[in-house]
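Here's the structure we're looking at; comments come further down.
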Amino acid sequence: MPNSKTPADPPTKTTGSPAASSPAATAPPLYPPAIDPPDQPLPLLAFLREFPKNPLRSVPISAYEDDITVLRSNVPKTTYAWVTSPALIEELLIRHSGDLIKSRVEKRVFARTVGNSVLTADGDKWRWQRRALAPLFRHSEIIGYVDKMSRAADDQVAEWRTAGPGIRNVETDMTDVTLQVIMRTMLASTDRDISRRIMTATEAYLSKSSWEAAYAILQLPRWFPHPGTWRMVASARSLREIMAELIDNRRSPGVKPAGIGEDRDDGHDDDLLGRLLNARDPETGQPMDEEGLIDNLSTLLLAGHETTAKALTWTLYLLARAPVWQEAVRQEVIEVAGDAPITGEHIDRLQITTRVLKESMRLYPPVPVVARVNTAFIRAGGENLPTGANIVFPVFAIHRHKKIWDDPNRFDPDRFLPAKEKAIPRTGYMPFGAGPRICIGQSFAMMEATALLATFIRAARFGWDGQHKPEPLSRITLKPAGGMPLEVEPL
């Protein structure tokens, strides 16, 4: 069972040169709070009580200890399988990928916002969208965006300096700054009004998503309302109206709303939206239709900022709880970049920073669950999975699994030293998913998270209040229950 107890907290100061050698030798072990899972898969009434509060509470303890857990339910009549063995995940998500489609739960949760985008589509529809979007996220393309990422981070630092030392909800700050990154790189815009509208609508939609997921699992009809239905409908409508507005504004010759184009380095549509509008299927040469443009712009905006925001939020929490590692990151950034803005040339040299991010995403994966439905009978791990089974890959549990990780609940970035990282099964660590549908923006996200974290840690010290131990809360992405209040002290 994941250990929610925390030993004595590490000292607030380090000795020696943390950037030159691993801080693990001087940092007392830190065991971040996790979830206390049920001993068995929950019966229906208990499921209805726990799942809407936090879907992670419904993942049984066997998912943290065994290779596969299967539940055959009569109400509704279906089969559930929690798959956590790297070998079985490899077999299903990679070798049997053609027999798996997106789950009805995910399709229903996202239907109102991203429609039939690259995130939710299957078959030929998914393949052509993936082919059309892939060139937008080549390393050679996105490395040029690091300067814009750093400028957004600098703006956040300036806000902290103006406010002075104090407690801040860094979850809100990280959501704001990552949305600003998306605005600058995708829309070449610094329009704060648009970003605030997107942030408000996104938060409203995701806050009620577990109700939609629960109703989908119970196979209740779409017309049957739940406590969050009308809020989700209204926020989804708002989001899609914003997307349509952004597309129309970009297409209007000579007309740009305030903020659009202000962060552009030249006069061309070289941001992601311009490239999306010009995207063509490499095989057919066909552009996306209007609905597809709105679907995929919604996907890139929502997924592009929410996941990175949550990764940074949890990372700052861990570094506030483990000051030795925080100082190691700070010293590395100073050694690599001095006081200059972080650029693409610095990213690969920020090795401690990268290890900290990877370990943070192990303990707190931004997307805590991946789910599929099989379109053909599959036998896996000695279990029969009939057509239509709900196959769940609980990433949160996989990343804390006793068979995969030594002392799995301990924060230890040295797990990702090069020699050790090579020994990690590729499906034992999957913050961006796995197989053909691995996150198309993973390289963008890692560059962004690295540039932002390096800028923040160099510019400010983050402290824990000694009390707040946030429960990891699944709302499509992994939120901290109660937000993330941390002491922010500009340096």
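The values are calculated or read from the model by the stated rules, or taken from the named source; none is laboratory data. Keep in mind that this is a model prediction, so the values were computed, not measured. Counting neighbours? That spans all protein chains shown, and the Cβs are built from the backbone with ideal geometry, glycine included. Just so you know, the surface numbers come from the protein's heavy atoms only, side chains and all, with ligands and any DNA or RNA stripped out. Shrake-Rupley method; radii C 1.70, N 1.55, O 1.52, S 1.80 Å.
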Among the residues listed as PRO418, PRO386, the single one being out of contact with any strand residue (DSSP E or B) (no Cβ under 9 Å at 6 or more places or on another chain) and open to solvent by 50 Å² or more (accessible area, probe 1.4 Å): PRO418
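Would you confirm, using the coordinates I've provided, whether THR307 is surrounded by 24 or more Cβ atoms within 10 Å (Cβ to Cβ) and either more than 17 Å from the chain's Cα centre (by Cα) or assigned to a loop (DSSP other than H, G, I, E, B) (or both)? Outline the logic, then answer.
Numbers: surrounded by 24 or more Cβ atoms within 10 Å (Cβ to Cβ): yes; either more than 17 Å from the chain's Cα centre (by Cα) or assigned to a loop (DSSP other than H, G, I, E, B) (or both): no.
Considered against the rule, which asks whether it is surrounded by 24 or more Cβ atoms within 10 Å (Cβ to Cβ) and either more than 17 Å from the chain's Cα centre (by Cα) or assigned to a loop (DSSP other than H, G, I, E, B) (or both), THR307 comes out as no.
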Selection status of VAL75, more than 25 Å from MET288 (Cα to Cα) and open to solvent by 50 Å² or more (accessible area, probe 1.4 Å): yes
Flag if GLU171 is more than 24 Å from ARG275 (Cβ to Cβ), surrounded by fewer than 21 Cβ atoms within 10 Å (Cβ to Cβ) and of a type in the set (D, E, K, R): no
Unique residue being among the charged types (D, E, K, R), modelled with pLDDT under 95 and open to solvent by less than 10 Å² (accessible area, probe 1.4 Å) when the list is GLU141, GLU203, GLU212: GLU212
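Where in region 329-419 are the helices (runs of 4 or more DSSP H), entirely inside, with at least 2 residues that are within 30 Å of ALA214 (Cβ to Cβ) and touching a residue at least 24 places away in the same chain (Cβ under 8 Å)?
Numbers: elements: 344-347, 351-363, 395-398.
By residue number, 351-363, 395-398.
I'd like to verify a number: residues in region 453-472 that are closer than 13 Å to PRO33 by Cβ and either without any contact (Cβ under 8 Å) to a residue 40 or more places away in the chain or open to solvent by 30 Å² or more (accessible area, probe 1.4 Å) (or both), how many?
Quick first cut of region 453-472, residues closer than 13 Å to PRO33 by Cβ only: 464, 467-472.
Next cut, either without any contact (Cβ under 8 Å) to a residue 40 or more places away in the chain or open to solvent by 30 Å² or more (accessible area, probe 1.4 Å) (or both) only: 464, 467-469, 471.
Residues in region 453-472 being closer than 13 Å to PRO33 by Cβ and either without any contact (Cβ under 8 Å) to a residue 40 or more places away in the chain or open to solvent by 30 Å² or more (accessible area, probe 1.4 Å) (or both): 5 in total.
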Any hit, region 147-168, residues being open to solvent by less than 40 Å² (accessible area, probe 1.4 Å), among the small types (Gly, Ala, Ser), farther than 24 Å from PHE444 by Cα and in contact (Cβ under 8 Å) with a residue 40 or more places away in the chain: yes
